[in-house]
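Novice: Sharing a structure, written as structure tokens. Questions coming.
The values are calculated or read from the model by the stated rules, or taken from the named source; none is laboratory data. This one's a predicted model, so the numbers in the text were calculated from it and none came from an experiment. Cβ sites come from the backbone with ideal geometry, for glycine too, and all protein chains shown count toward neighbours.
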Amino acid sequence: MSKVMIIGAGGVGHVVTHKCAQANEIFSDIMIASRTKSKCDAIAKTIERPIQTAQVDADNVSELVDLIRSFQPDMIINVALPYQDLHIMDACLETKVHYLDTANYEPIDEAKFCYKWQWDYHDRFKDKGIMALLGSGFDPGVTNVFTAYAKKHYFDSIDMLDIIDCNAGDHGQPFATNFNPEINIREITQNGRYYDNANWVETRPMEISKTFVFPEGIGPKKIYLLYHEELESLTQHFSEIKTAKFWMTFSDNYLNHLKVLENVGMTRIDPVLYEGKEIVPLKFLKALLPDPSSLGPLTKGRTCIGCILKGEKDGKPREHYIYNICTHEDVYKEVGSQAISYTTGVPAMIGAMMMLTGKWMKPGVFNMEQFDPDPFMDNLNRYGLPWKEIKIL
Ligand code: NDP
């Protein structure tokens, strides 16, 4: 029986709150707190169990500390934005409360993400006897656990890792992102990067692409190489990996819209002066685009996210594919969200469950692949994200 505080009432916050509410044997008391309290209240209304709600500015550490002291949660699930990660971690240190997030820290004025800022908290978390679990979404998150599972059961060493993320769904909108538009567009418009023989190789955005045939009738789709944060932690924790790449599908329509927006300066993150007032074009664009949490009833089709691993076992070459397929319409029926929010929110809940049941509990700051993958994999099957595997070789 544990108390959990969820911070962030967007698309992912909606799913995490629903999934925690389903597991009442673990999460006996739930609070959702965010910048706009009415969004927390709207989520709470869709759930039969009582859910407490609160307003909080998660960039204000003393405000956070006051709220944590009044609710006294065992842990915080941070599904606000990456800009808030360090502030929430500071509040956790001050109140000795465990921490979990789904995206690594990113400074607001620079489109750059890396784990160093959060890994630097390790000794302070350890000294206080509290734990932080980083990146407990799907990618990062489940993809890290898939890799750890493959290493544990099928490989003596992994040489090559390809993480491939496909959203084969369609929301019928001319242009929309499936999670926070600002974070999504910052990620996609920056240079690509992949790991090759202990070196990071930089590419221009979307410079490398190829066709991949997805399983179960999804079929061939063009995938583009991007940089993604789990490449940093996985190549560090499985140091034998020689090549690691992250790929994502995009429709031509999406890429054409994005190119035009970039060309006219709408994706800039530096402030520009407009009629005597400073505005950030990308933040303004976010205000115009559909809210990802509104796409639930509109999105049809499936996602397919997984890992292809190559390496060796008992001196013989081995190749393995582990993936999950999630159907937008099915998860909308279950929790009223589209599959991108769902595939992020379910692993966030499972990560919290791993910590609160003591299966994954160690003081310090950790990534998902540093723990036994088996109980997490079992819970994916149990809580709505069943996975499959194909032995290729
Ligand atoms: P949304 O934009 O829909 O929701 C973000 C929420 O955070 C909003 O409710 C927002 O409040 C709130 N928020 C923002 N700033 C503050 C603040 N200073 N204080 C309190 N609350 C704040 O985003 P998503 O739900 O789509 O994404 C949530 C997180 O999940 C992001 O960090 C994203 O990167 C991550 N993610 C991870 C994935 C993975 O697989 N690992 C995949 C997809 C997303 P308001 O409503 O007032 O704006």
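Novice: What's the number of the condition Phe212 fails, among (1) under 24 Å from Thr102 (Cβ atoms); (2) touching a residue at least 40 places away in the same chain (Cβ under 8 Å); (3) not basic (Lys, Arg)?
Specialist: Unmet for Phe212, out of (1) under 24 Å from Thr102 (Cβ atoms); (2) touching a residue at least 40 places away in the same chain (Cβ under 8 Å); (3) not basic (Lys, Arg): (1).
Novice: Across the stretch 66-86, which residue is surrounded by the fewest Cβ atoms within 10 Å (Cβ to Cβ) among those that are away from the ligand (no atom under 14 Å from the Cβ) and hydrophobic (A, V, I, L, M, F, W, C)?
Specialist: Ranking the candidates gives Phe71 first.
Novice: Right, next: Just name the residue that is farthest from the ligand (Cβ to nearest atom) out of those in the stretch 39-63 that are over 20 Å from Trp117 (Cα atoms) and hydrophobic (A, V, I, L, M, F, W, C).
Specialist: Restricting to residues being over 20 Å from Trp117 (Cα atoms) and hydrophobic (A, V, I, L, M, F, W, C), the top hit is Ile47.
Novice: Then there's this: Surrounded by fewer than 24 Cβ atoms within 10 Å (Cβ to Cβ) and among the aromatic types (Phe, Trp, Tyr): is that true of Phe27 in this structure? Show your work before the answer.
Specialist: Working: surrounded by fewer than 24 Cβ atoms within 10 Å (Cβ to Cβ): no; among the aromatic types (Phe, Trp, Tyr): yes.
No; evaluated as a whole, the condition is false for this residue.
Novice: So, of the residues in the stretch 374-393 that are in contact with a His (Cβ under 7 Å, 6 or more places away or on another chain) and not aliphatic (A, V, I, L, M), which turns out to be nearest to Asp139 (Cα to Cα)?
Specialist: Checked the stretch 374-393; the qualifying residue nearest to Asp139 (Cα to Cα) is Glu389.
Novice: Now a separate question. Can you name the condition, by its number, that Glu187 falls short on among (1) surrounded by 19 or more Cβ atoms within 10 Å (Cβ to Cβ); (2) modelled with pLDDT of 95 or more?
Specialist: Only one criterion in (1) surrounded by 19 or more Cβ atoms within 10 Å (Cβ to Cβ); (2) modelled with pLDDT of 95 or more is unmet by Glu187, namely (2).
Novice: Kindly check whether there is at least one residue in the stretch 220-236 that is closer than 22 Å to Gly265 by Cα, buried (at least 18 other Cβ atoms within 10 Å of the Cβ) and charged (D, E, K, R).
Specialist: There is no residue in the stretch 220-236 that is closer than 22 Å to Gly265 by Cα, buried (at least 18 other Cβ atoms within 10 Å of the Cβ) and charged (D, E, K, R).
Novice: Could you run through the stretch 54-84 and say how many residues are of a type in the set (Lys, Arg) and within 21 Å of Gly141 (Cα to Cα)? Break it down stepwise before answering.
Specialist: Of the stretch 54-84, the ones of a type in the set (Lys, Arg) are 69.
Of the ones still in play, those that are also within 21 Å of Gly141 (Cα to Cα) are none.
Here the count works out to 0.
Novice: Out of the stretch 106-123, which residues are within 14 Å of the ligand (Cβ to nearest atom) and aromatic (Phe, Trp, Tyr)?
Specialist: Selection gives Phe113, Tyr115.
Novice: Also, I was wondering about something else. So Ala348 ticks every box in (1) buried (at least 22 other Cβ atoms within 10 Å of the Cβ); (2) more than 17 Å from the chain's Cα centre (by Cα) but one. Which box is left unticked?
Specialist: With respect to (1) buried (at least 22 other Cβ atoms within 10 Å of the Cβ); (2) more than 17 Å from the chain's Cα centre (by Cα), Ala348 is out only on (2).
Novice: Going by the conditions given, is Asp139 within 22 Å of Trp387 (Cα to Cα) and either within 16 Å of the ligand (Cβ to nearest atom) or in a helix (DSSP H, G or I) (or both)? Give the steps one after another, and end with the answer.
Specialist: Values: within 22 Å of Trp387 (Cα to Cα): yes; either within 16 Å of the ligand (Cβ to nearest atom) or in a helix (DSSP H, G or I) (or both): yes.
Yes.
Novice: Also: Report, by residue number, each residue of the stretch 119-152 that is among the acidic types (Asp, Glu) and closer than 17 Å to Ile88 by Cα.
Specialist: In the first step, residues of the stretch 119-152 are kept if they are among the acidic types (Asp, Glu); the result is 120, 123, 127, 139.
Result: Asp120, Asp123.
Novice: Out of the residues in the stretch 1-38 that are among the polar types (S, T, N, Q), in contact (Cβ under 8 Å) with a residue 40 or more places away in the chain and more than 18 Å from Phe179 (Cβ to Cβ), state the one that is nearest to the ligand (Cβ to nearest atom).
Specialist: Going through the qualifying residues, I end up with Gln22.
Novice: Within the stretch 159-209, can you find the residues that are more than 15 Å from the ligand (Cβ to nearest atom), under 25 Å from Cys326 (Cβ atoms) and touching a residue at least 40 places away in the same chain (Cβ under 8 Å)?
Specialist: Answer for the stretch 159-209, where residues must be more than 15 Å from the ligand (Cβ to nearest atom), under 25 Å from Cys326 (Cβ atoms) and touching a residue at least 40 places away in the same chain (Cβ under 8 Å): Leu161, Asp162, Ala168, Asp170, Gly172, Gln173, Pro174, Phe175, Met206.
To keep it simple, each residue is scored yes or no on (1) assigned to a helix (DSSP H, G or I); (2) aliphatic (A, V, I, L, M).
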| position | (1), (2) |
| --- | --- |
| Ile6 | no, yes |
| Val12 | yes, yes |
| His18 | yes, no |
| Ala21 | yes, yes |
| Arg49 | no, no |
| Ala54 | no, yes |
| Ala58 | no, yes |
| Ala80 | no, yes |
| Gln84 | yes, no |
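Novice: Within the stretch 215-254, track down each residue that is in contact (Cβ under 8 Å) with a residue 60 or more places away in the chain and among the acidic types (Asp, Glu).
Specialist: Glu216, Glu229, Glu230, Glu232, Glu240
Novice: On to the next question. Are any of the residues in the stretch 280-292 touching a Gly at 6+ places or on another chain (Cβ under 9 Å), modelled with pLDDT under 95, buried (at least 18 other Cβ atoms within 10 Å of the Cβ) and on the phi < 0 side of the Ramachandran plot? If you could, list the steps in order and put the result at the bottom.
Specialist: The initial filter retains those residues of the stretch 280-292 that are touching a Gly at 6+ places or on another chain (Cβ under 9 Å), namely 281, 291-292.
With the extra rule that they be modelled with pLDDT under 95, the set shrinks to 291-292.
Restricting the remaining residues to those that are buried (at least 18 other Cβ atoms within 10 Å of the Cβ) gives 292.
From what's left, on the phi < 0 side of the Ramachandran plot: 292.
Checked the stretch 280-292: at least one residue is touching a Gly at 6+ places or on another chain (Cβ under 9 Å), modelled with pLDDT under 95, buried (at least 18 other Cβ atoms within 10 Å of the Cβ) and on the phi < 0 side of the Ramachandran plot.
Novice: Let me ask something additional. Pick out the one residue from Asp378, Asp372 that is surrounded by fewer than 18 Cβ atoms within 10 Å (Cβ to Cβ), within 22 Å of Gln236 (Cβ to Cβ), modelled with pLDDT of 95 or more and among the charged types (D, E, K, R).
Specialist: Working: Asp378 fails: within 22 Å of Gln236 (Cβ to Cβ).
After ruling out the rest, the residue left standing is Asp372.
Novice: Separate question: Scan the stretch 87-105 for residues that are surrounded by fewer than 21 Cβ atoms within 10 Å (Cβ to Cβ) and either more than 14 Å from the ligand (Cβ to nearest atom) or within 19 Å of Tyr227 (Cβ to Cβ) (or both) and jot them down.
Specialist: Taking the stretch 87-105 and keeping what is surrounded by fewer than 21 Cβ atoms within 10 Å (Cβ to Cβ), we get 87, 90, 93-96.
Within the stretch 87-105, Leu93, Glu94, Thr95, Lys96 qualify.
Novice: Buried (at least 18 other Cβ atoms within 10 Å of the Cβ), aromatic (Phe, Trp, Tyr) and part of a loop (DSSP other than H, G, I, E, B): is that true of Phe146 in this structure? Break it down stepwise before answering.
Specialist: Values: buried (at least 18 other Cβ atoms within 10 Å of the Cβ): yes; aromatic (Phe, Trp, Tyr): yes; part of a loop (DSSP other than H, G, I, E, B): no.
Taking the combined requirement at face value, the residue does not satisfy it.
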